[in-house]
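Here the structure is laid out as structure tokens; the discussion comes afterwards.
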Amino acid sequence: MARPMRCRFDQRIFDDIEQFGEHLSTQRIEPLQLSSGRLRLGFKSLRFEDAVVMRLECNRVVSDRLHMDPAWLLLVVLLAPQRWGAKFAPAESLVVIAPGAEYRNRVSEGFRCVEAAVRLDLADKLGLAHLRHLKGKDAVIPMSPAAARRLEHRIDRLLDASAATGAIAIDGVLAQILRQGCLEILCSLRCVACSSTRCPPGSEISTPAHRWLVAEKAVQTIEAAPIDRPPSVETLATTLGTTRRTLLNAFQEAFGTSPSRYILAKRLNGARRSMNLGESHSVTDAALEYGFENFGRFACYYRRLFGEAPSSTLFRAGKFGREVRN
């Protein structure tokens with residue numbers, strides 16, 4: 001006997017990148033907020049057992065390391081440019097994220113995209129399975145502006161219809177109707193992907209391999225160092241066997257900031273995460289854990305990056321924890 005059709009709708013505005021990451025079912029991210037100001041990340045998703053459609057909007061520069069679930073394929077319709085590793089994919093392109101793939105990516109302020117994730121068994125049935133083998137520039141597929149707008153409109157209509165039910169869990173006939181809409185969107189993405197599997201010359205911008213390698217190795221060195229004793233720019237350059245200028249240029253191109261600002265943002269994001277998870281029970285604990293001995297300077301840096309005082313983060317995290325326990 002066939003199981004009844006069920007799906008789940010989620011719609012939220014996040015002001016914390018870590019909380020957003022917890023709502024992703026087909027991928028794991030290790031995010032960092034890099035630009036200053038209060039984060040506003042809009043998220044809508046309709047999730048079936050073997051398919052998910054989503055819309056994302058972000059008002060700040062965010063870098064993260066994405067780890068794709070090996071049982072899922074992700075198709076991203078970019079409505080604003082995004083950097084995927086050494087590639088800079090333009091707006092109005094389809095980016096294919098293969099099962100098990102890992103990318104270090106960066107989104108700019110005003111980023112928008114719509115996405116569809118499909119489990120591999122369903123991808124096989126829909127003729128999408130061959131896309132799992134696309135890599136590099138072949139995984140960035142150009143779209144016409146009209147095609148991108150049509151897909152955006154179709155996904156928005158499906159998400160709006162889900163929201164109109166007023167329910168989080170949806171089943172029965174309505175779930176079947178939404179399921180059909182989801183399958184039609186996946187078939188439309190298949191048509192786009194099959195129309196071209198390679199970006200024409202000049203349609204995407206690549207960071208030269210040696211510069212991207214310098215930036216990537218620099219980040220790996222930063223991540224390997226104790227969080228409260230990060231390496232200096234000079235130490236990074238010496239460790240990597242390159243010049244300070246080369247390191248600064250490579251880092252700016254890859255992440256849109258300098259190594260020292262990246263390190264500061266990483267420490268501040270770590271302190272925020274520690275307070276949100278209840279691992280630090282005071283602002284002082286969080287500051288000391290991440291190597292800030294001047295608490296006034298820590299509070300100033302924190303407010304500048306996240307648009308709120310660290311005490312506000314701690315209070316909200318404690319209030320949320322009490323609500324969960326009750």
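The values are calculated or read from the model by the stated rules, or taken from the named source; none is laboratory data. For clarity, every value in this text was computed on a predicted model and none was experimentally measured. Cβ placement follows ideal geometry from the backbone for every residue including glycine, while neighbour counts extend to all protein chains displayed.
Using beta carbons and a limit of 8 Å, which pairs, at least six apart or on different chains, have the first residue in the stretch 253-280 and over 18 Å from GLU234 (Cα atoms) and not assigned by TED's automatic domain parsing to the domain that holds LEU32 and the second one polar (S, T, N, Q) and assigned to a helix (DSSP H, G or I)?
Sorted first by the residue in the stretch 253-280, then by its partner, the pairs are ARG272/THR313; MET275/THR313; ASN276/GLN19; ASN276/THR313; SER280/SER274.
ARG112: at pLDDT below 90 and assigned by TED's automatic domain parsing to the domain that holds GLU184, yes or no? Full working, then the answer.
On the way: at pLDDT below 90: no; assigned by TED's automatic domain parsing to the domain that holds GLU184: yes.
Taking the combined requirement at face value, the residue does not satisfy it.
When you scan the stretch 222-236, how many residues do you find that are of a type in the set (D, E, K, R) and at pLDDT below 90?
Pass one, the stretch 222-236, residues of a type in the set (D, E, K, R): 223, 228-229, 234.
Retained after the next criterion (residues that are at pLDDT below 90): 228-229.
Total satisfying the criteria: 2.
In the stretch 128-145, what residues are within 21 Å of MET54 (Cα to Cα) and surrounded by 14 or more Cβ atoms within 10 Å (Cβ to Cβ)?
At the first step, the residues of the stretch 128-145 found to be within 21 Å of MET54 (Cα to Cα) are 128-129, 131-132, 139-145.
Passing the criteria: LEU128, ALA129, LEU131, ARG132, ALA139, VAL140, ILE141, PRO142, MET143.
Using beta carbons and a limit of 6 Å, which pairs, at least six apart or on different chains, have the first residue in the stretch 142-170 and farther than 29 Å from PRO4 by Cα and the second one acidic (Asp, Glu)?
MET143/GLU92; PRO145/GLU92; ALA148/GLU92
Matching residues to (1) under 30 Å from LEU213 (Cα atoms); (2) hydrophobic (A, V, I, L, M, F, W, C); (3) under 27 Å from the mean Cα position of the chain (by Cα):
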{"residue": "VAL233", "(1), (2), (3)": "yes, yes, yes"}
{"residue": "LEU236", "(1), (2), (3)": "yes, yes, yes"}
{"residue": "SER260", "(1), (2), (3)": "yes, no, yes"}
{"residue": "LYS266", "(1), (2), (3)": "yes, no, yes"}
{"residue": "ARG273", "(1), (2), (3)": "yes, no, yes"}
{"residue": "ASN276", "(1), (2), (3)": "no, no, yes"}
{"residue": "ALA287", "(1), (2), (3)": "no, yes, yes"}
{"residue": "GLY296", "(1), (2), (3)": "no, no, no"}
{"residue": "ARG316", "(1), (2), (3)": "no, no, yes"}
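Which one is surrounded by the most Cβ atoms within 10 Å (Cβ to Cβ) among residues in the stretch 251-276 that are of a type in the set (A, V, I, L, M) and closer than 20 Å to VAL107 by Cα?
First, the residues of the stretch 251-276 that are of a type in the set (A, V, I, L, M): 254, 263-265, 268, 271, 275.
Adding the requirement that they be closer than 20 Å to VAL107 by Cα leaves 254, 263-265, 268.
Working: ALA254: 25, ILE263: 22, LEU264: 17, ALA265: 21, LEU268: 23.
So, considering only residues that are of a type in the set (A, V, I, L, M) and closer than 20 Å to VAL107 by Cα, the one surrounded by the most Cβ atoms within 10 Å (Cβ to Cβ) is ALA254.
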